[in-house]
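The values are calculated or read from the model by the stated rules, or taken from the named source; none is laboratory data. Computed from a predicted structure; not experimentally measured. Positions of Cβ are backbone-derived with ideal geometry, glycine not excepted, and every protein chain shown enters the neighbour counts.
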Amino acid sequence: MYTSKLHAPKVYGYIVSSIAKPAAAKPSHVFDRDREWASLIRFATSPSPDVRLGIVSGRRRQGKTYLLDALVQEFGGFFFAATDETDTEALARFGEALAAQTSGAGGRFTFTNWHEALARLFALVPEGLIVIDEFPYLSKASPSLPSLIQHALDPRGYARQGKTRLLLCGSALGVMGRLLAGNAPLRGRASLELVVKPLDYRASARFWDIKDPRLAVLVHSIVGGTPAYRREFVAGDVPESVEDFDAWVARTVLNPEVPLYREARYLLTEETDIRDTAIYHAVLGAIASGNATRGGIANHIGRKSTDIGHPLSVLEDSQLIAREEDAFRKGRSLYRSCEPLIVFYEAVMRREWTRLERGRPEAAWSNSRATFLSQVVGPHFEALCREWAMFAEEEVFRELPGRVAAGVVADPHNRTQIQVDVAVLAQEEPGRPQRILSLGEAKWDKVMTAGHVDRLRRARDLLSVKGYDTRDTVLACYSGAGFHDDIPEGVRLVGLKELYA
(Lines give C-alpha, C1' and ligand atoms only; values in the text may rest on other atoms or scores of the structure.)
Protein backbone atom coordinates (compact mmCIF):
# COMPACT_ATOMS: atom_id res chain seq x y z
CA MET A 1 0.00 0.00 0.00
CA TYR A 2 1.36 3.39 -0.93
CA THR A 3 0.52 6.75 0.57
CA SER A 4 -0.77 9.30 -1.91
CA LYS A 5 1.49 12.32 -2.05
CA LEU A 6 -1.59 14.53 -2.00
CA HIS A 7 -1.82 13.77 1.72
CA ALA A 8 1.87 13.19 2.53
CA PRO A 9 4.76 15.57 3.17
CA LYS A 10 6.59 16.60 0.04
CA VAL A 11 9.90 15.22 1.26
CA TYR A 12 8.99 11.59 0.65
CA GLY A 13 9.20 9.61 -2.56
CA TYR A 14 6.78 6.92 -3.56
CA ILE A 15 5.97 4.43 -6.30
CA VAL A 16 2.57 3.45 -7.65
CA SER A 17 1.64 0.67 -10.02
CA SER A 18 3.19 0.95 -13.46
CA ILE A 19 0.02 -0.34 -15.11
CA ALA A 20 -1.57 2.67 -16.74
CA LYS A 21 -5.29 3.28 -16.55
CA PRO A 22 -7.18 3.14 -19.84
CA ALA A 23 -8.41 6.71 -19.53
CA ALA A 24 -6.08 9.69 -19.70
CA ALA A 25 -8.64 12.39 -18.93
CA LYS A 26 -7.44 15.15 -16.67
CA PRO A 27 -8.45 14.41 -13.06
CA SER A 28 -11.29 16.56 -11.76
CA HIS A 29 -9.19 17.91 -8.88
CA VAL A 30 -6.71 19.53 -11.31
CA PHE A 31 -7.99 23.02 -12.12
CA ASP A 32 -7.48 24.36 -15.66
CA ARG A 33 -4.02 23.27 -16.99
CA ASP A 34 -5.59 21.57 -20.03
CA ARG A 35 -2.65 22.43 -22.28
CA GLU A 36 -0.07 21.27 -19.76
CA TRP A 37 -1.94 18.03 -19.08
CA ALA A 38 -2.22 17.28 -22.80
CA SER A 39 1.53 17.81 -23.25
CA LEU A 40 2.33 15.49 -20.36
CA ILE A 41 -0.03 12.83 -21.71
CA ARG A 42 1.62 12.98 -25.14
CA PHE A 43 5.01 12.56 -23.50
CA ALA A 44 3.91 9.68 -21.28
CA THR A 45 2.12 7.76 -24.04
CA SER A 46 4.42 8.42 -26.99
CA PRO A 47 5.32 5.19 -28.81
CA SER A 48 8.64 6.66 -29.94
CA PRO A 49 11.68 4.85 -28.49
CA ASP A 50 13.51 8.19 -28.48
CA VAL A 51 11.16 9.82 -25.98
CA ARG A 52 12.97 9.46 -22.70
CA LEU A 53 13.48 12.83 -21.01
CA GLY A 54 11.17 15.72 -20.21
CA ILE A 55 11.90 19.00 -18.42
CA VAL A 56 9.14 20.69 -16.41
CA SER A 57 9.82 24.08 -14.87
CA GLY A 58 7.98 27.05 -13.49
CA ARG A 59 8.08 29.40 -10.55
CA ARG A 60 7.10 28.07 -7.14
CA ARG A 61 3.45 27.80 -6.09
CA GLN A 62 2.16 27.23 -9.64
CA GLY A 63 1.06 23.63 -9.04
CA LYS A 64 3.82 21.72 -10.86
CA THR A 65 4.08 19.07 -8.14
CA TYR A 66 0.30 18.77 -7.95
CA LEU A 67 0.13 18.24 -11.71
CA LEU A 68 2.95 15.69 -11.88
CA ASP A 69 1.58 13.82 -8.88
CA ALA A 70 -1.71 13.41 -10.75
CA LEU A 71 0.20 12.15 -13.80
CA VAL A 72 2.03 9.50 -11.79
CA GLN A 73 -1.19 8.44 -10.13
CA GLU A 74 -2.69 8.04 -13.60
CA PHE A 75 0.15 6.23 -15.36
CA GLY A 76 2.18 4.72 -12.56
CA GLY A 77 5.84 5.16 -11.78
CA PHE A 78 8.18 6.61 -9.20
CA PHE A 79 8.00 10.08 -7.64
CA PHE A 80 10.83 11.60 -5.63
CA ALA A 81 10.81 15.12 -4.17
CA ALA A 82 14.27 16.50 -3.50
CA THR A 83 15.04 18.92 -0.71
CA ASP A 84 17.89 21.28 0.09
CA GLU A 85 20.31 18.83 1.74
CA THR A 86 23.74 17.29 1.34
CA ASP A 87 24.52 14.70 -1.30
CA THR A 88 24.79 11.98 1.34
CA GLU A 89 21.41 12.85 2.82
CA ALA A 90 19.78 12.95 -0.61
CA LEU A 91 21.17 9.53 -1.56
CA ALA A 92 19.91 8.07 1.72
CA ARG A 93 16.39 9.43 1.24
CA PHE A 94 16.40 8.34 -2.39
CA GLY A 95 17.41 4.81 -1.40
CA GLU A 96 14.67 4.69 1.20
CA ALA A 97 12.05 5.83 -1.29
CA LEU A 98 13.20 3.40 -3.98
CA ALA A 99 13.20 0.47 -1.57
CA ALA A 100 9.46 0.93 -1.18
CA GLN A 101 9.01 -0.64 -4.63
CA THR A 102 10.16 -4.05 -3.43
CA SER A 103 9.37 -4.06 0.27
CA GLY A 104 6.31 -1.84 0.33
CA ALA A 105 7.36 -0.31 3.65
CA GLY A 106 10.58 0.15 5.60
CA GLY A 107 14.08 -0.72 4.49
CA ARG A 108 16.28 1.16 2.12
CA PHE A 109 18.87 0.78 -0.60
CA THR A 110 22.31 2.07 0.28
CA PHE A 111 24.05 3.94 -2.49
CA THR A 112 27.53 5.41 -2.42
CA ASN A 113 26.97 7.59 -5.49
CA TRP A 114 24.33 8.62 -8.02
CA HIS A 115 25.66 6.25 -10.68
CA GLU A 116 24.61 3.34 -8.50
CA ALA A 117 21.32 5.00 -7.60
CA LEU A 118 20.33 5.69 -11.22
CA ALA A 119 21.30 2.21 -12.38
CA ARG A 120 19.10 0.63 -9.70
CA LEU A 121 16.29 3.09 -10.39
CA PHE A 122 16.04 2.30 -14.11
CA ALA A 123 16.37 -1.43 -13.40
CA LEU A 124 13.47 -1.38 -10.94
CA VAL A 125 11.26 1.00 -12.94
CA PRO A 126 11.66 -0.27 -16.52
CA GLU A 127 8.26 1.12 -17.52
CA GLY A 128 6.09 4.04 -16.52
CA LEU A 129 7.23 7.41 -15.28
CA ILE A 130 10.09 8.59 -13.11
CA VAL A 131 9.54 12.07 -11.70
CA ILE A 132 12.31 13.86 -9.81
CA ASP A 133 10.84 17.02 -8.34
CA GLU A 134 12.98 20.04 -7.36
CA PHE A 135 15.88 18.61 -9.32
CA PRO A 136 18.04 21.76 -8.83
CA TYR A 137 18.54 20.74 -5.20
CA LEU A 138 20.11 17.46 -6.33
CA SER A 139 22.26 19.03 -9.03
CA LYS A 140 23.46 21.64 -6.55
CA ALA A 141 24.61 18.92 -4.14
CA SER A 142 25.92 16.71 -6.96
CA PRO A 143 26.93 18.83 -10.02
CA SER A 144 27.79 15.69 -12.04
CA LEU A 145 24.21 14.40 -11.91
CA PRO A 146 23.12 15.81 -15.31
CA SER A 147 26.12 14.09 -16.93
CA LEU A 148 25.22 10.80 -15.25
CA ILE A 149 21.67 11.10 -16.56
CA GLN A 150 23.05 11.82 -20.04
CA HIS A 151 25.12 8.63 -19.79
CA ALA A 152 22.04 6.66 -18.74
CA LEU A 153 20.07 7.99 -21.71
CA ASP A 154 22.79 7.27 -24.27
CA PRO A 155 22.09 4.53 -26.85
CA ARG A 156 24.13 2.09 -24.77
CA GLY A 157 23.02 3.44 -21.41
CA TYR A 158 21.07 1.37 -18.92
CA ALA A 159 17.95 3.56 -19.26
CA ARG A 160 17.54 2.40 -22.88
CA GLN A 161 16.66 -1.13 -21.87
CA GLY A 162 13.10 -0.26 -20.84
CA LYS A 163 10.33 2.17 -21.71
CA THR A 164 10.82 4.56 -18.83
CA ARG A 165 9.96 8.24 -19.17
CA LEU A 166 12.06 10.53 -16.96
CA LEU A 167 10.69 13.94 -15.93
CA LEU A 168 12.98 16.42 -14.20
CA CYS A 169 11.07 19.22 -12.49
CA GLY A 170 12.29 22.37 -10.77
CA SER A 171 11.41 25.87 -9.61
CA ALA A 172 14.85 27.45 -9.94
CA LEU A 173 14.28 28.68 -13.49
CA GLY A 174 17.86 29.72 -14.12
CA VAL A 175 19.11 26.23 -13.23
CA MET A 176 16.37 24.45 -15.20
CA GLY A 177 17.00 26.63 -18.24
CA ARG A 178 20.68 25.79 -18.24
CA LEU A 179 20.00 22.04 -18.28
CA LEU A 180 19.33 22.20 -22.03
CA ALA A 181 21.42 25.24 -22.97
CA GLY A 182 24.76 25.63 -24.70
CA ASN A 183 27.10 22.72 -24.06
CA ALA A 184 25.07 21.29 -21.17
CA PRO A 185 25.17 17.47 -20.96
CA LEU A 186 21.41 17.12 -21.50
CA ARG A 187 21.20 19.49 -24.47
CA GLY A 188 19.33 17.77 -27.30
CA ARG A 189 18.14 14.94 -25.05
CA ALA A 190 14.73 16.26 -24.00
CA SER A 191 11.52 15.44 -25.86
CA LEU A 192 9.48 17.78 -23.67
CA GLU A 193 10.24 21.22 -22.29
CA LEU A 194 7.17 22.40 -20.40
CA VAL A 195 6.93 25.65 -18.46
CA VAL A 196 4.03 25.77 -16.00
CA LYS A 197 3.03 29.43 -15.87
CA PRO A 198 0.62 31.29 -13.61
CA LEU A 199 -3.06 31.04 -14.51
CA ASP A 200 -4.20 33.74 -16.92
CA TYR A 201 -6.39 36.49 -15.52
CA ARG A 202 -9.68 34.91 -16.61
CA ALA A 203 -8.79 31.49 -15.20
CA SER A 204 -7.55 33.18 -12.03
CA ALA A 205 -10.93 34.85 -11.53
CA ARG A 206 -12.65 31.48 -11.89
CA PHE A 207 -10.18 29.87 -9.50
CA TRP A 208 -10.89 32.53 -6.88
CA ASP A 209 -14.61 32.28 -7.69
CA ILE A 210 -14.85 36.03 -8.31
CA LYS A 211 -17.73 37.07 -10.56
CA ASP A 212 -17.27 40.87 -10.41
CA PRO A 213 -14.64 41.81 -13.04
CA ARG A 214 -13.65 44.97 -11.17
CA LEU A 215 -12.92 42.97 -8.04
CA ALA A 216 -11.14 40.36 -10.17
CA VAL A 217 -8.70 42.98 -11.51
CA LEU A 218 -8.01 44.35 -8.02
CA VAL A 219 -7.28 40.90 -6.58
CA HIS A 220 -5.25 39.81 -9.61
CA SER A 221 -3.13 42.96 -9.37
CA ILE A 222 -1.88 41.63 -6.01
CA VAL A 223 -1.83 37.83 -6.21
CA GLY A 224 -1.68 37.31 -9.97
CA GLY A 225 -2.41 33.80 -11.20
CA THR A 226 -0.53 31.77 -8.58
CA PRO A 227 -2.91 29.02 -7.40
CA ALA A 228 -1.28 28.42 -4.01
CA TYR A 229 -1.97 31.94 -2.85
CA ARG A 230 -5.67 31.24 -2.47
CA ARG A 231 -5.59 27.82 -0.87
CA GLU A 232 -2.44 27.58 1.21
CA PHE A 233 -1.49 31.22 1.78
CA VAL A 234 -4.82 32.87 2.69
CA ALA A 235 -6.72 29.66 3.57
CA GLY A 236 -9.48 30.35 1.04
CA ASP A 237 -10.19 33.90 2.26
CA VAL A 238 -11.75 35.61 -0.78
CA PRO A 239 -13.09 39.20 -0.71
CA GLU A 240 -16.87 39.11 -0.87
CA SER A 241 -17.19 42.32 -2.92
CA VAL A 242 -15.38 45.46 -4.03
CA GLU A 243 -16.50 47.02 -0.75
CA ASP A 244 -14.77 44.19 1.14
CA PHE A 245 -11.53 44.53 -0.83
CA ASP A 246 -9.81 47.03 1.50
CA ALA A 247 -10.58 44.92 4.55
CA TRP A 248 -9.38 41.80 2.70
CA VAL A 249 -6.03 43.45 1.92
CA ALA A 250 -5.59 44.38 5.59
CA ARG A 251 -6.44 40.90 6.88
CA THR A 252 -4.36 38.96 4.34
CA VAL A 253 -1.42 40.40 2.43
CA LEU A 254 -0.76 43.15 5.00
CA ASN A 255 -1.22 40.85 7.99
CA PRO A 256 2.09 39.58 9.46
CA GLU A 257 0.29 36.46 10.70
CA VAL A 258 -0.65 35.37 7.16
CA PRO A 259 2.00 33.57 5.03
CA LEU A 260 1.31 35.83 2.04
CA TYR A 261 2.75 38.75 4.02
CA ARG A 262 6.41 37.73 3.51
CA GLU A 263 6.03 35.77 0.29
CA ALA A 264 7.35 38.53 -1.99
CA ARG A 265 10.63 38.62 -0.06
CA TYR A 266 10.95 34.84 -0.15
CA LEU A 267 10.46 34.77 -3.93
CA LEU A 268 13.85 36.42 -4.30
CA THR A 269 15.72 34.38 -1.71
CA GLU A 270 14.48 31.12 -3.26
CA GLU A 271 16.22 31.85 -6.55
CA THR A 272 19.61 30.11 -6.41
CA ASP A 273 21.32 32.71 -8.66
CA ILE A 274 20.42 35.59 -6.34
CA ARG A 275 22.90 36.25 -3.56
CA ASP A 276 22.78 39.86 -2.32
CA THR A 277 19.08 40.71 -2.53
CA ALA A 278 19.49 44.45 -1.90
CA ILE A 279 20.36 45.35 -5.51
CA TYR A 280 17.57 43.12 -6.82
CA HIS A 281 14.99 44.77 -4.56
CA ALA A 282 16.29 48.14 -5.73
CA VAL A 283 15.83 47.19 -9.38
CA LEU A 284 12.35 45.78 -8.76
CA GLY A 285 11.43 48.85 -6.76
CA ALA A 286 12.54 51.11 -9.59
CA ILE A 287 10.39 49.18 -12.08
CA ALA A 288 7.43 49.28 -9.68
CA SER A 289 7.85 53.07 -9.50
CA GLY A 290 7.39 53.35 -13.25
CA ASN A 291 11.00 53.31 -14.46
CA ALA A 292 10.76 50.97 -17.41
CA THR A 293 14.02 51.65 -19.29
CA ARG A 294 17.48 50.46 -18.30
CA GLY A 295 18.72 54.02 -17.95
CA GLY A 296 15.68 55.02 -15.90
CA ILE A 297 16.19 52.08 -13.54
CA ALA A 298 19.87 52.90 -13.10
CA ASN A 299 19.18 56.58 -12.39
CA HIS A 300 16.46 55.70 -9.89
CA ILE A 301 18.78 53.54 -7.78
CA GLY A 302 21.88 55.72 -8.23
CA ARG A 303 23.92 53.25 -10.26
CA LYS A 304 25.50 53.26 -13.70
CA SER A 305 23.62 51.48 -16.44
CA THR A 306 26.44 48.96 -16.79
CA ASP A 307 26.17 48.08 -13.08
CA ILE A 308 22.67 46.65 -13.35
CA GLY A 309 23.20 44.38 -16.36
CA HIS A 310 23.73 41.26 -14.27
CA PRO A 311 20.76 41.81 -11.92
CA LEU A 312 18.49 42.45 -14.89
CA SER A 313 19.67 39.25 -16.58
CA VAL A 314 19.17 37.16 -13.44
CA LEU A 315 15.69 38.58 -12.86
CA GLU A 316 14.82 37.85 -16.48
CA ASP A 317 16.09 34.28 -16.24
CA SER A 318 14.03 33.85 -13.08
CA GLN A 319 10.98 35.17 -14.96
CA LEU A 320 10.44 37.84 -12.33
CA ILE A 321 10.76 40.57 -14.95
CA ALA A 322 10.35 40.63 -18.72
CA ARG A 323 11.99 42.82 -21.35
CA GLU A 324 9.68 43.99 -24.09
CA GLU A 325 10.64 45.99 -27.15
CA ASP A 326 8.92 49.30 -27.72
CA ALA A 327 6.27 48.87 -30.40
CA PHE A 328 7.64 51.69 -32.57
CA ARG A 329 11.29 52.12 -31.61
CA LYS A 330 13.51 49.15 -32.32
CA GLY A 331 16.33 48.75 -29.85
CA ARG A 332 14.44 50.50 -27.05
CA SER A 333 13.46 47.94 -24.43
CA LEU A 334 11.00 48.36 -21.60
CA TYR A 335 11.10 46.26 -18.44
CA ARG A 336 8.05 45.15 -16.50
CA SER A 337 7.56 42.93 -13.50
CA CYS A 338 5.98 39.51 -14.12
CA GLU A 339 4.99 38.91 -10.50
CA PRO A 340 2.18 41.17 -9.22
CA LEU A 341 2.91 40.32 -5.58
CA ILE A 342 6.44 41.71 -5.93
CA VAL A 343 5.11 44.92 -7.51
CA PHE A 344 2.68 45.26 -4.60
CA TYR A 345 5.46 44.66 -2.10
CA GLU A 346 7.84 47.18 -3.69
CA ALA A 347 5.21 49.88 -4.26
CA VAL A 348 3.21 49.46 -1.03
CA MET A 349 4.60 47.14 1.62
CA ARG A 350 8.28 48.07 1.54
CA ARG A 351 7.49 51.72 2.14
CA GLU A 352 5.14 50.93 5.02
CA TRP A 353 7.16 48.13 6.62
CA THR A 354 7.54 49.86 9.99
CA ARG A 355 3.79 50.36 10.38
CA LEU A 356 3.10 46.82 9.20
CA GLU A 357 5.60 45.27 11.60
CA ARG A 358 3.96 47.21 14.44
CA GLY A 359 0.61 45.68 13.57
CA ARG A 360 -1.05 48.69 11.89
CA PRO A 361 -2.15 47.34 8.48
CA GLU A 362 -5.20 49.63 8.23
CA ALA A 363 -3.06 52.75 8.67
CA ALA A 364 -0.45 51.47 6.20
CA TRP A 365 -3.15 50.73 3.64
CA SER A 366 -4.85 54.09 4.12
CA ASN A 367 -1.52 55.80 3.48
CA SER A 368 -0.78 53.65 0.40
CA ARG A 369 -4.10 53.15 -1.35
CA ALA A 370 -3.55 56.00 -3.83
CA THR A 371 -0.10 54.61 -4.66
CA PHE A 372 -1.66 51.17 -5.12
CA LEU A 373 -4.15 52.49 -7.66
CA SER A 374 -1.59 54.50 -9.66
CA GLN A 375 1.55 52.33 -9.51
CA VAL A 376 0.06 48.87 -9.18
CA VAL A 377 -3.48 48.62 -10.57
CA GLY A 378 -3.03 51.13 -13.40
CA PRO A 379 -0.02 49.43 -15.06
CA HIS A 380 -1.49 46.01 -14.29
CA PHE A 381 -4.72 46.91 -16.07
CA GLU A 382 -2.73 48.03 -19.10
CA ALA A 383 -0.94 44.67 -19.16
CA LEU A 384 -4.27 42.82 -18.98
CA CYS A 385 -5.54 44.88 -21.90
CA ARG A 386 -2.50 43.92 -23.97
CA GLU A 387 -3.07 40.28 -23.07
CA TRP A 388 -6.71 40.57 -24.12
CA ALA A 389 -5.69 42.13 -27.44
CA MET A 390 -3.05 39.51 -28.16
CA PHE A 391 -5.56 36.69 -27.90
CA ALA A 392 -8.54 38.50 -29.43
CA GLU A 393 -10.53 36.74 -32.10
CA GLU A 394 -9.86 37.58 -35.74
CA GLU A 395 -12.94 39.78 -36.15
CA VAL A 396 -11.83 42.19 -33.40
CA PHE A 397 -8.97 43.73 -35.41
CA ARG A 398 -9.91 42.19 -38.79
CA GLU A 399 -7.06 39.67 -38.46
CA LEU A 400 -5.09 37.90 -35.76
CA PRO A 401 -2.40 40.07 -34.12
CA GLY A 402 1.25 39.38 -34.81
CA ARG A 403 2.54 41.32 -31.81
CA VAL A 404 1.07 43.46 -29.05
CA ALA A 405 3.18 45.93 -27.10
CA ALA A 406 3.25 49.37 -25.58
CA GLY A 407 5.01 52.15 -27.43
CA VAL A 408 5.87 55.82 -27.49
CA VAL A 409 5.22 58.08 -30.48
CA ALA A 410 7.21 61.30 -30.66
CA ASP A 411 5.23 64.42 -31.58
CA PRO A 412 7.89 66.97 -32.70
CA HIS A 413 5.37 69.69 -33.53
CA ASN A 414 3.90 69.76 -30.01
CA ARG A 415 7.20 68.74 -28.40
CA THR A 416 5.52 65.89 -26.56
CA GLN A 417 5.37 62.14 -26.61
CA ILE A 418 2.20 60.10 -26.98
CA GLN A 419 2.05 56.92 -24.93
CA VAL A 420 0.22 54.10 -26.70
CA ASP A 421 -0.70 51.47 -24.12
CA VAL A 422 -1.96 48.80 -26.51
CA ALA A 423 -0.38 48.75 -29.98
CA VAL A 424 -1.54 45.80 -32.06
CA LEU A 425 0.77 45.04 -34.98
CA ALA A 426 0.21 42.65 -37.88
CA GLN A 427 2.69 39.98 -38.82
CA GLU A 428 5.66 41.58 -40.56
CA GLU A 429 5.80 41.03 -44.31
CA PRO A 430 9.12 41.43 -46.13
CA GLY A 431 9.12 44.38 -48.51
CA ARG A 432 5.94 45.91 -47.09
CA PRO A 433 5.41 48.63 -44.49
CA GLN A 434 4.54 47.43 -41.00
CA ARG A 435 0.75 47.39 -40.66
CA ILE A 436 -0.79 48.65 -37.43
CA LEU A 437 -4.04 46.85 -36.66
CA SER A 438 -4.96 48.96 -33.65
CA LEU A 439 -3.81 51.76 -31.37
CA GLY A 440 -5.28 51.83 -27.89
CA GLU A 441 -5.15 53.77 -24.64
CA ALA A 442 -6.01 52.18 -21.29
CA LYS A 443 -7.28 53.98 -18.17
CA TRP A 444 -8.19 52.12 -15.01
CA ASP A 445 -9.93 54.84 -13.00
CA LYS A 446 -10.86 57.49 -15.58
CA VAL A 447 -13.93 57.74 -17.77
CA MET A 448 -12.56 57.96 -21.30
CA THR A 449 -13.65 60.76 -23.61
CA ALA A 450 -13.23 62.00 -27.16
CA GLY A 451 -9.99 63.65 -26.02
CA HIS A 452 -8.36 60.25 -25.62
CA VAL A 453 -9.49 59.35 -29.13
CA ASP A 454 -8.00 62.58 -30.49
CA ARG A 455 -4.64 61.63 -28.98
CA LEU A 456 -4.79 58.20 -30.60
CA ARG A 457 -5.75 59.76 -33.91
CA ARG A 458 -2.73 62.08 -33.67
CA ALA A 459 -0.47 59.09 -32.96
CA ARG A 460 -1.91 57.28 -35.97
CA ASP A 461 -1.19 60.24 -38.26
CA LEU A 462 2.38 60.58 -36.98
CA LEU A 463 3.05 56.88 -37.51
CA SER A 464 1.66 57.11 -41.02
CA VAL A 465 4.17 59.85 -41.79
CA LYS A 466 6.94 57.59 -40.46
CA GLY A 467 6.04 54.92 -42.98
CA TYR A 468 3.66 52.64 -41.08
CA ASP A 469 0.55 51.34 -42.84
CA THR A 470 -2.34 52.80 -40.81
CA ARG A 471 -5.11 52.68 -43.42
CA ASP A 472 -7.14 50.10 -41.49
CA THR A 473 -5.96 50.93 -37.96
CA VAL A 474 -8.69 50.51 -35.36
CA LEU A 475 -8.65 53.06 -32.55
CA ALA A 476 -9.50 51.50 -29.18
CA CYS A 477 -10.26 52.74 -25.68
CA TYR A 478 -9.84 50.40 -22.71
CA SER A 479 -11.35 51.55 -19.44
CA GLY A 480 -12.13 50.26 -15.99
CA ALA A 481 -14.38 53.26 -15.28
CA GLY A 482 -16.49 53.60 -18.42
CA PHE A 483 -16.80 55.77 -21.52
CA HIS A 484 -18.29 59.19 -22.21
CA ASP A 485 -20.97 59.37 -24.86
CA ASP A 486 -18.92 61.90 -26.87
CA ILE A 487 -16.63 59.13 -28.18
CA PRO A 488 -17.29 58.86 -31.93
CA GLU A 489 -18.61 55.75 -33.62
CA GLY A 490 -16.08 53.32 -35.03
CA VAL A 491 -13.86 53.42 -31.95
CA ARG A 492 -13.65 50.04 -30.23
CA LEU A 493 -14.59 50.27 -26.57
CA VAL A 494 -13.30 47.59 -24.23
CA GLY A 495 -14.57 47.67 -20.67
CA LEU A 496 -14.27 45.24 -17.80
CA LYS A 497 -17.17 43.16 -19.07
CA GLU A 498 -15.48 42.69 -22.46
CA LEU A 499 -12.12 42.02 -20.81
CA TYR A 500 -13.53 39.06 -18.90
CA ALA A 501 -16.05 37.83 -21.47
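Points to keep in mind about this one:
- Wholly within the range 293-352, helices (runs of 4 or more DSSP H) carrying at least 3 residues that are farther than 30 Å from V219 by Cβ and of a type outside the set (D, E, K, R): 294-301, 309-317
- Among the conditions (1) crowded, with 16+ Cβ neighbours inside 10 Å; (2) within 24 Å of T293 (Cα to Cα), G402 misses just one, which is (1).
- Test for G467: is it small (G, A, S), surrounded by fewer than 23 Cβ atoms within 10 Å (Cβ to Cβ) and either at pLDDT below 95 or part of a helix (DSSP H, G or I) (or both): no
- Among the residues listed as A426, A405, A370, A392, the single one being within 30 Å of Y345 (Cβ to Cβ) and either touching a Leu at 6+ places or on another chain (Cβ under 9 Å) or of a type in the set (D, E, K, R) (or both): A405
- Unmet requirement for T293, which otherwise passes all of (1) among the polar types (S, T, N, Q); (2) under 24 Å from V196 (Cα atoms); (3) in contact (Cβ under 8 Å) with a residue 24 or more places away in the chain: (2)
- Selection of the range 477-501 for residues being surrounded by 16 or more Cβ atoms within 10 Å (Cβ to Cβ), without any contact (Cβ under 8 Å) to a residue 60 or more places away in the chain and hydrophobic (A, V, I, L, M, F, W, C) yields C477, F483, I487, V491.
- Of all residues assigned to the range 371-386, at least one qualifies as being crowded, with 16+ Cβ neighbours inside 10 Å, of a type in the set (D, E, K, R) and closer than 17 Å to L499 by Cα.
- Of the strands (runs of 3 or more DSSP E) entirely within the range 2-120, those holding at least 1 residues that are modelled with pLDDT of 75 or more, surrounded by 17 or more Cβ atoms within 10 Å (Cβ to Cβ) and under 32 Å from the mean Cα position of the chain (by Cα) occupy 53-57, 77-81.
- L254 crowded, with 20+ Cβ neighbours inside 10 Å and either in a helix (DSSP H, G or I) or of a type in the set (D, E) (or both): no
- Filtered residue count, the range 405-426, keeping only those that are surrounded by 12 or more Cβ atoms within 10 Å (Cβ to Cβ) and not in a strand (DSSP E or B): 1
- Taking residues in the range 167-178 that are touching a residue at least 40 places away in the same chain (Cβ under 8 Å), and partners anywhere that are part of a helix (DSSP H, G or I) and among the charged types (D, E, K, R), the pairs with Cβ atoms closer than 8 Å and at least 6 places apart or on different chains are C169/K64; S171/K64; L173/D317; G174/D317; V175/K140; G177/D317.
- The set of residues in the range 365-410 that are of a type in the set (K, R) and more than 22 Å from the chain's Cα centre (by Cα) comprises R369, R398.
- Scanning the range 122-148 for residues that are under 23 Å from R42 (Cβ atoms) and either modelled with pLDDT of 95 or more or part of a loop (DSSP other than H, G, I, E, B) (or both) yields V125, P126, E127, G128, V131, I132, D133, F135.
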